[in-house]
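Taking it in order: structure first as structure tokens, then the write-up.
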Amino acid sequence: FFFQAEDGIRDAQESRGLGDVYKRQVQANWLTVTLVHIVNDFESVEDEELTAVSSSTFPAKSVAKDEIRRHPIVSLYNFAANMLELLESHSDILVQQMCLFDLDNLKQVQVSEWTHKAWMGKAKHINAPTLTFISEHLTRLSRFVSYALLSQSQSNKKLVRNQAKHLFGVVKKLIENQNFNSSYAIFMSITSAALEAKFGVAHWLRRQQSRDYTEIETLFSSDDNYRAIKRRQEDAPLPCVPLLAVWLSDVHAIEEKMKTLNSDGELNLTKMKHLYNILKLVESHKLSIYPFKRFESVTQYLQVLPSISEEVLDSL
């Protein structure tokens, strides 16, 4: 979103999804997993049964690595296809688990991660582990959705548009549950320039979902430094998962433009006040509670979404 691959900030509109957010690769041990098999009958299984199914379905790490090494593109393609099938058959469950997953990560962010540009530099994974993970996860989610759609054949334009329409429905459900984190990632993917050029997705969605599309496009607009989403998050009742990147960009601007000490050596209270107001908002959202049932296998799935490079996307 706002983060460059190395350090700093860039505008979201420059990239395919959320941009080049931290290039650290996360081991995609489960690329060959068919998640649909795990959640195929959510309504009838108990947690113990679901755990048993997931543990028997997920391959051993070494086996998965070997399979990916032999057939990386095929495995990734199957993984993406299963993701789309899951969204169509169990979208409500996936939306709920995304809300729980994102909220869990939000609650783990420490105040120290917001200070002294801890989220930047070579030591960011040590100094700001959760903020870094959140930004990396958004990039993985965004690129993964792009891959799932772009990997379809050009002749499947109608199919891809319908899949994008379903993903747009997921975005709406996430926003209804005030999860502005994952909803942003998915929305930016399905409305990307690449999907528009290959399948005309954004233009088609704008015609099909005119009112909702315009409202969400306005919500996530970069106009006036993302004023719309900031206001929505500030006024939102709990539970709510905010898009932290819009606040992190403000923190970055404060750190860049304002010194910690005044010229007379005293603490810059104006800077401290600005930082406090942002951190207060973050801490207030940590009090959120979603009344959803947890499915750990889905959480694990979200935890290890494959990391897809720009080069792979460009080749589609």
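The values are calculated or read from the model by the stated rules, or taken from the named source; none is laboratory data. Here the structure is a predicted model, which is why all the values come from computation and not from measurement. Note that each Cβ is placed from the backbone with ideal geometry, even for glycine, and that neighbours are counted across all protein chains shown. Surface accessibility is based on the protein's heavy atoms, side chains included, excluding ligands, DNA and RNA. Shrake-Rupley method; radii C 1.70, N 1.55, O 1.52, S 1.80 Å.
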Pairs of alpha carbons in region 149-195 whose separation is greater than 15 Å (percent): 44 percent
FRET efficiency, 1/(1 + (r/R0)^6) with R0 25 Å, evaluated for Thr115 and Ile289 via beta carbons: 0.40
Carbon and sulfur %, accessible surface of region 241-316 computed with the full protein complex present, 1.4 Å: 57 percent
Unit charges on C-beta of K, R, D, E only; dipole of region 149-303, Debye: 780 debye
Eligible lysines near Lys273 by straight Cα distance, threshold 22 Å, same-chain separation 8 or greater: Lys117, Lys230, Lys257, Lys259, Lys286
Accessible area of region 120-210 divided out per residue, in Å², using a probe of 1.4 angstrom: 35 Å²
Per residue accessible area in Å² of region 232-316, where ligands, DNA and RNA are left out and the probe is 1.4 Å: 54 Å²
Cβ-derived FRET efficiency at R0 41 Å, Thr270 paired with Gln154, nearest 0.05: 0.15
Set of lysines with alpha-carbon distance to Lys165 below 16 Å, sequence-local pairs under 8 removed: Lys157, Lys173, Lys198
Percent accessible area from carbon and sulfur atoms, region 134-202, protein chains only, probe 1.4 Å: 50 percent
Theoretical gain in end-to-end length, Ser91 to Glu217 [0.36 nm per residue, Cα-Cα removed]: 43.2 nm
Rg/Rg_ref, region 197-316, where Rg_ref = 2.2 N^0.38 Å and atoms are Cα: 1.47
Extension gain (nm, one decimal) between Ser309 and Asn262, 0.36 nm per residue minus Cα-Cα: 12.6 nm
